[in-house]
Amino acid sequence: MRAGFPDFRLGNVLATSFTGTLSERHGNAVERIPTPHRLIDWLAVNGLAVDSCTTAQLDLARELRESIHATATAAAIQDALPASAVQVINDCSAQGRATAILTPEGERRWRLSSASCVEDALSVIAADAISIIAGERDGRLALCASPTCQAAFFDTSQSRTRRWCDMNTCGNRQKKARFNANQRKNPRSAE
């Protein structure tokens, strides 16, 4: 990992983890892929290693990220999917050359060829987004309850009632705020 950049917020679902590369969208936004090299790092951490990335490819990645976010948000609130965002996702999905492989553990992984480029990796992310937005996977799209975050996430909890995109960040922050508010309301009496 390259020093000086915010940590990645990794999740179990590729597409929504990718949208998490821009967090705190309704507060002080944190861009986690500010440079082409940082996108290379994120892709590698997620099993989609590529050798290089241009500024134009970084722009395409960000366009895909925002399209997935807009579409997942619309799906989570059961609104109409934005046509332009759907088109970006479909275009990215169609551009790539990745192969699904089955691991000995019975899991699907994606294999990029040795000559793969960023577009190939983005096609995998777009395909993952399509599968969750289309309802093909067991879970539900939801929005983070944090007023500064409101990230779309894929809830695979048994009850499907998760409130936070990440309990270690947004959930913990909200619990701490509630605790501090209660402390101000009910200060302990000095004995």
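The values are calculated or read from the model by the stated rules, or taken from the named source; none is laboratory data. Quantities reported herein were computed from a predicted structural model and do not represent experimental measurements. No Cβ is skipped: glycine too gets one built from the backbone with ideal geometry, and neighbour counts run over all protein chains shown. Accessible surface is based on the protein model in full, side chains and every heavy atom, while ligands, DNA and RNA are left aside. Shrake-Rupley method; radii C 1.70, N 1.55, O 1.52, S 1.80 Å.
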**Report entry** Subset of the stretch 93-136 (residues that are under 13 Å from residue 14 (Cβ atoms), part of a strand (DSSP E or B) and in contact with a helix residue (DSSP H, G or I) (Cβ under 8 Å, 6 or more places away or on another chain))
**Finding:** 98, 110
Report task. State whether the residues of the stretch 55-69 include one that is open to solvent by 40 Å² or more (accessible area, probe 1.4 Å), over 23 Å from residue 110 (Cβ atoms) and under 15 Å from the mean Cα position of the chain (by Cα). Result -> no
Requested in this report: Could you give me the residue pairs with C-beta distances under 6 Å whose first residue belongs to the stretch 14-41 and is on the phi > 0 side of the Ramachandran plot, whose second residue is open to solvent by less than 20 Å² (accessible area, probe 1.4 Å) and not aromatic (Phe, Trp, Tyr) wherever it lies, and which are 6+ apart or on separate chains?
Outcome: 24/149
Report summary line: Of the conditions (1) at positive phi; (2) under 16 Å from the mean Cα position of the chain (by Cα); (3) of a type outside the set (A, V, I, L, M, F, W, C); (4) open to solvent by 60 Å² or more (accessible area, probe 1.4 Å), the single one that residue 78 does not satisfy is (2)
Report summary line: The one condition residue 142 fails out of (1) closer than 29 Å to residue 40 by Cβ; (2) within 16 Å of the chain's Cα centre (by Cα) is (1)
Query raised in the report: Is one or more of the residues making up the stretch 24-46 farther than 26 Å from residue 149 by Cβ, open to solvent by less than 50 Å² (accessible area, probe 1.4 Å) and outside any helix (DSSP H, G or I)?
Result: no
**Report entry** Output for the stretch 137-185, where each listed residue is farther than 20 Å from residue 29 by Cβ, in a loop (DSSP other than H, G, I, E, B), out of contact with any helix residue (DSSP H, G or I) (no Cβ under 8 Å at 6 or more places or on another chain) and open to solvent by 60 Å² or more (accessible area, probe 1.4 Å)
**Finding:** 138, 156, 158, 159, 161, 162
